[in-house]
Structures are given as C-alpha cells and as structure tokens.
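Okay, so here's the structure we're looking at.
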Amino acid sequence: FLERTARVYPHRLAIVHGTLRQTWAQTFERCRRLASALQRRGIGAGDTVAAMLPNTPPMFEAHFGVPVTGAVLNTLNTRLDPEAIAFQLDHGEAKVLLTDREFSSTIARALALMTGPRPLVIDVLDAEFEGGKTLGELDYETFVAEGDPSFAWTLPADEWQAISLNYTSGTTGNPKGVVTHHRGAYLNAVANVVTWTLPQHPVYLWTLPMFHCNGWCFPWTMALQAGVSVCLRRVDPHLIFPLIREQKVTHMCGAPIVYGMLVNAPAALREGIGHTVQGLIAGAAPPAAIIEGCERIGIDITHVYGLTEVYGPAAVCAKQEEWADLPIDQRAALNARQGVAYPLQQDVTVLNPETMQPVPADGETMGEIFFRGNIVMKGYLKNPEATAEAFKGGWFHTGDLAVMHPDGYVKIKDRSKDIIISGGENISSVEVEEVLYRHPAVALAAVVAVPDPKWGEVPCAVVELRDGASATPEEIIEFCRGHMARYKVPKQIVFGVLPKTSTGKIQKFQLRQQFRSAAAIE
C-alpha cells in the first residue's frame, strides 16, 4: 500500500503533526531509511522491535519500516506500569525499543526491571513535547538518517509471517502476547475501507491509540487510501475540535468514552464545524445515549466490534436503509448492536460454548460470540495451552456473552465474567448500564456484582456525573426502577471516578476488587 501510494500520489499530504507537513513520498523515504537502519543493526525476520510512542509520525512510520525487514512490531501500551512493560520487553525479546521522552520515567524503571538482554534504546524527540529524559544510545532522527533512502522494499515471503505482537490487558496474572500475521493485517486494512465505504484521501484524526491493535489496522488503511493522518498526542476535546475545524477531519475512531467526552464538551468548542464527521465506535457496547449524542453534534457513528485477537474490529453493525426513518432512540438501539462479520472475515456467530451449536436467533437465548476467518491471530506467543483453548472447536472464543437477533445481528449482553447472578437470575451489566446512561446527570457508568447474604450477589453501579450536574443515589435508583425489572435495579449507587484503560475501557475488575476488599473489611 505504501509503495504504491508513494508512486501514484507522491506529493499528496500524508501526515500532519503540529507544524509538520509530510508527503507520501517523504513518508516512504523515511520508512525505507528506518528499515535500512534496522537491518544494518542486524534486525531481521522474527526479531521484535518495541515502540513506546504516542500517536506521532514515528509510530506511523514504524508500522511500515519495521515489518518490511521481516521483524515484528510490538506496540506498547503507554499507560502501563514499569513492571508490565518490563514483562513485555522480556517476553517478546525486544531487540530495539523506540521510546518517546514523555514515558522516560516508566521506561527507565522497566529497563532496570528486565531480566533479559537490554534492547537498543532509541529516543524519539518530539517538538510537540517538552520534558522527559533521553535514555538511549541515539535519537530517532539520527537513526533514520543512517538508513538508505533507496532501500529495497520487499514483501514477506509468506503471508503467514508475523507482523505484530500486541499484549492483551491482563486482569489477573501476566497479559498474553497476541501474534498477528501479514495476511490478516492487509485484509483488515482493506475491510476497513469496504466496511466504512472509506473514500480516497480521507482526513483521519488519530483519536484511537496506534498502540491499540495497531490502531485497528488504520495506519495501513491510510496508506491504501492515500489519506491524511492528523496526529494527536493526547485525547482532549480542546485539541480535537480545533483540528476537526482546521484540518477538515472526515473520519475518526474511538471507544465510547472518547465520543462521550466530545458529546459533553462545551458547545462553544464545536462552533465553526459545518461538516459531518464519520466515526467508528468500539470497545464496550456503546450506550444508545452516546450514539444519539453523536448524531446531535454532527458525528455519524458506525458501531464495530472486535478484540486484539481479531486485529481490532472484525464485525460491524451494518446499517439498513429503513433504519433512517425510525425515531432516534430506536435507530440508536439498532446501531448499538455488534452486528455481522466484516466483509473479509469469514463469520461471527453466537454459539452455546458447551455444545458449539448456534443459539436460537430469538434475541433472548444467551451464548458466546465466536469468530472464524483470515482476520484471526496466529496465536499467543509462547503459550500453546492458551492458544489451543482459544481455538477449541475450530472457532476463536471471545468470552463475550451475547444473543442473536432474528435479523442475524449479534448483540452483546456481557463479558462472561461480568454477568451478575442474583438469586439464580442472570443480570446483564450492560443492560443496566444502558438505562443509567439515559439519566441526564450520568456521564459514565459501570455495573458490577457485589456480595449479598440473601441473593448471593446483587448489582452495584459506580457513576461519574456530568460536569455541573447533580443527583442523589436514591434518585438514580428510582429512575432505574422505571425502566427495568426490579431485580435488575442497582442496590447501591456510588459516585466516583471510574478506572479506565488507555483506550477508554472501564476496568470493572478493579471495581470488583475494591468492593470485595470493602466487604471483607466489614
């Protein structure tokens, strides 16, 4: 994709970052230099190159310059603690580490904690960030300048060759290293175009971390469509809306929390934006209220679903023409479903995990979501047992519980570990959260199980209120009673800041641990 676009559209803009404007010809040359410099340092097939970088040009370039050498790109989650980073550098056997000064304190500690050989550390000095320390032997620009601008751009000999290593968020123990391959990466990059009817030369704002599932394959998609990547170091409505206005951003991606920030931002920030922005939303099942809010502020949302093991999104809630005539609440409810398989993914379905048979398409019978196709990982690095378990029965097991609707669309009910079993009744935490998001004072909500002497466990809601809004626990409980069966109503409302991952997913396991600890003390 990169080589073709640099040849066909050499002078078109590829990257915007602060005052930097970089064409596709320049980007291709820099990626060739990066690949050459890596190769001269002995990096080749099967080696790991790690990147601790925000959404800046070097991170974009690494998605091309690293895999073309045959090496595997390991994008590190920039919000992880030093212990987790050290584990990943050791487990992935990183030979080279590209790291931004913003994360120097974390990386310095992680390097000290490593038990294996220290990688070659290359510091990225970004003009858009002041501070931090240099830790490495040389800086990124010096390293890239070492490379040959006419480096031979060769394709992998085998499509099954590994292209990237992404670590899952481990809720207990060490995370698993997801190994993906060139075939899946290019198929999902193309599927992004087909699914979203992405035009030539889109202007794409990097609200989604490139470290997360390789930015859902969008670095490669941007090369395919000769688009413009508008870089963004930090997700902040005060930065996002001006960029949308000034760069005429057409497309963006993110978790529900990102869109929630935009929906709840002061209206003055949106002034002067007269065009519609296309948005992909994924992560937790998006509340219908978020989808409605996006429509109101000029963001046309398409809901996608997936996991690290399937390259990010591999299912989409494909919109039907007749939905457009429905009231906004009904339309949002339909669009909040996880949907159907990506065009280049073989299948997504809901099966009984015990029998591996399809559940009835009645919108009621719960099963587990399974994927099958080329857009599925090779397996977990150095973990054959977990790999075998994940593919048992010839499908990839997601661990997400869902129903199949009569129209063939999948709808998540919960993660298997998040289902609340109260007095023998299954309660979907997602379903309760949907109602909470309807309350005008609620900005974010998470529902988890807490121990109960009578029912075994009952739902408890942790709520972040909108800026300037107020509500009492009793008021919110009463609101819930008007919208759901009484046994599903949260027995307790706690106001506070929800723990989140770097991609905006709410970390329910932390909430569960907090409540268990509180119960033990009592």
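Rounded, prolate or oblate for segment 393-449? Axes are the square roots of the Cα gyration tensor eigenvalues, ordered a ≥ b ≥ c, and the cut-off for rounded is a/c under 1.5.
prolate
Please calculate how many Å² of accessible area segment 302-355 carries per residue, with a 1.4 Å probe and no DNA, RNA or ligand atoms counted.
With the other protein chains kept in place, segment 302-355 gives 40 Å² per residue.
Considering only the other residues whose Cβ falls under 11 Å of the Cβ of Arg109, what net charge follows from Lys and Arg at +1 and Asp and Glu at -1?
-2
Could you give the dipole magnitude of segment 86-236 about its Cα centre, charging the beta-carbon of Lys and Arg +1 and that of Asp and Glu -1, in debye to the nearest 20?
520 debye
Calculate the FRET efficiency for Leu239 and Glu83 from the Cβ-Cβ distance with a Förster distance of 30 Å, rounded to the nearest 0.05.
The formula returns an efficiency of 0.45 here.
Give the long-range amide H neighbours of Val228: residues separated by 5 or more places, or on another chain, with amide H under 5 Å away, using H modelled in the peptide plane at 1.01 Å from N.
Excluding prolines and chain starts, which carry no amide H, the hits are Val203, Tyr204.
Any idea how far apart Asp452 and Phe495 come out in nm if each label point goes 7 Å out from Cα toward Cβ?
2.4 nm
Multiply the residue gap between Arg41 and Arg12 by 0.36 nm, knock off their C-alpha separation, and tell me the result in nm, one decimal place.
Taking 0.36 nm per residue and subtracting the Cα distance, the gain is 7.3 nm.
Counting each DSSP H run of 4 or more residues in the chain as -39500 (n - 2.57), what helix-only mean residue ellipticity at 222 nm follows after dividing by all residues, to the nearest 500 deg cm²/dmol?
Rounded to the nearest 500, it is -9000 deg cm²/dmol.
Apply the Karplus curve 6.51 cos²θ - 1.76 cosθ + 1.60, θ = phi - 60°, to the phi angles in segment 61-66 and return the couplings in whole Hz, x for Gly and Pro.
5, 4, 5, 10, x, 6
Would segment 427-522 count as rounded, prolate or oblate if I go by the C-alpha gyration tensor, calling it rounded below 1.5 in a/c and otherwise prolate when a/b exceeds b/c, oblate otherwise?
Oblate.
Once Lys and Arg get +1 and Asp and Glu get -1 on their Cβ, which of Val430, Thr207, Thr99 lies farthest toward the positive end of the dipole of the chain?
Thr99
Taking θ = phi - 60°, what integer Hz values does the Karplus form 6.51 cos²θ - 1.76 cosθ + 1.60 yield along segment 453-461, in sequence order, with x for Gly and Pro?
For segment 453-461, the Karplus curve yields x, 8, 9, x, 7, 9, x, 10, 10 Hz.
Once amide H atoms are built 1.01 Å from N in the peptide plane, which residues 5 or more positions from Gln278, or in another chain, come under 5 Å H to H?
So Gln278 has HN proximity to His251, Met252, Asp300.
Modelling each spin label as a point 7 Å along the Cα-to-Cβ direction, I'd like the Ala485/Glu364 distance in nm, to one decimal.
That separation, rounded to one decimal, is 1.0 nm.
Could you compute the net charge surrounding Thr501? Neighbours are other residues with a C-beta less than 13 Å from the C-beta of Thr501; K and R count +1, D and E count -1.
+3
About the Cα centre, and with charges only on the beta carbon of Lys, Arg (+1) and Asp, Glu (-1), how big is the dipole of the chain? Nearest 20 debye, please.
Dipole about the Cα centre, nearest 20: 580 debye.
Could you grab the relative contact order for segment 47-112? Cα pairs under 8 Å, six or more apart, rounded to a whole percent. Please report the intermediate quantities before stating the final value.
Values: 82 pairs, mean separation 30.5, N = 66.
For segment 47-112, the relative contact order is 46 percent.
I need to check one value: relative contact order of the chain, counting alpha carbon pairs closer than 8 Å and at least 6 residues apart, in percent.
Reported relative contact order: 11 percent.
Between Asn352 and Arg21, what is the FRET efficiency for a Förster distance of 51 Å, r being their Cβ-Cβ separation, to the nearest 0.05?
The value I calculate is 0.40.
At 1.4 Å probe size, with no ligands or nucleic acids counted, give the accessible surface of Cys213 in Å², nearest ten.
About 10 Å², ignoring ligands and nucleic acids.
What does the highest-first list of 142-150, 174-182 look like by mean Cβ count within 10 Å?
Top to bottom by mean Cβ count within 10 Å: 174-182, 142-150.
Can you work out ³J(HN,Hα) from phi for every residue in segment 363-369, in order, using Karplus 6.51 cos²θ - 1.76 cosθ + 1.60 and θ = phi - 60°, giving whole Hz and x for Gly and Pro?
x, 10, 6, 8, x, 10, 7
Check which residues have an amide H placed less than 5 Å from Gly70's amide H, if you skip close sequence neighbours.
none
Among Val258, Val230, Val340, which residue has its Cα positioned farthest towards the positive end of the charge dipole of segment 220-369, with +1 placed on the Cβ of Lys and Arg, -1 on the Cβ of Asp and Glu, and the dipole taken about the Cα centre?
Val230
Counting only protein heavy atoms, what percent of the accessible surface of the chain is carbon or sulfur at a 1.4 Å probe?
Solvent-exposed carbon and sulfur of the chain make up 52 percent of the total.
For a Förster distance of 60 Å, can you work out the FRET efficiency between the beta-carbons of Glu271 and Ala388, rounded to the nearest 0.05?
FRET efficiency, Glu271 to Ala388: 0.60.
Net charge near Tyr186, counting Lys/Arg +1 and Asp/Glu -1 over other residues with Cβ under 15 Å of its Cβ?
Working: positive: Arg4, Arg183, Lys378; negative: Glu3, Asp158, Glu159.
Charge balance near Tyr186 sits at 0.
The values are calculated or read from the model by the stated rules, or taken from the named source; none is laboratory data. Every value quoted in this text rests on a predicted model; they were computed, and no experiment measured them. Don't worry about glycine lacking a Cβ; one is built from the backbone with ideal geometry, like all the others, and counts go over all protein chains shown. For the accessible areas, the whole protein counts, side chains as well, though only heavy atoms, and no ligand, DNA or RNA atoms are used. Shrake-Rupley method; radii C 1.70, N 1.55, O 1.52, S 1.80 Å.
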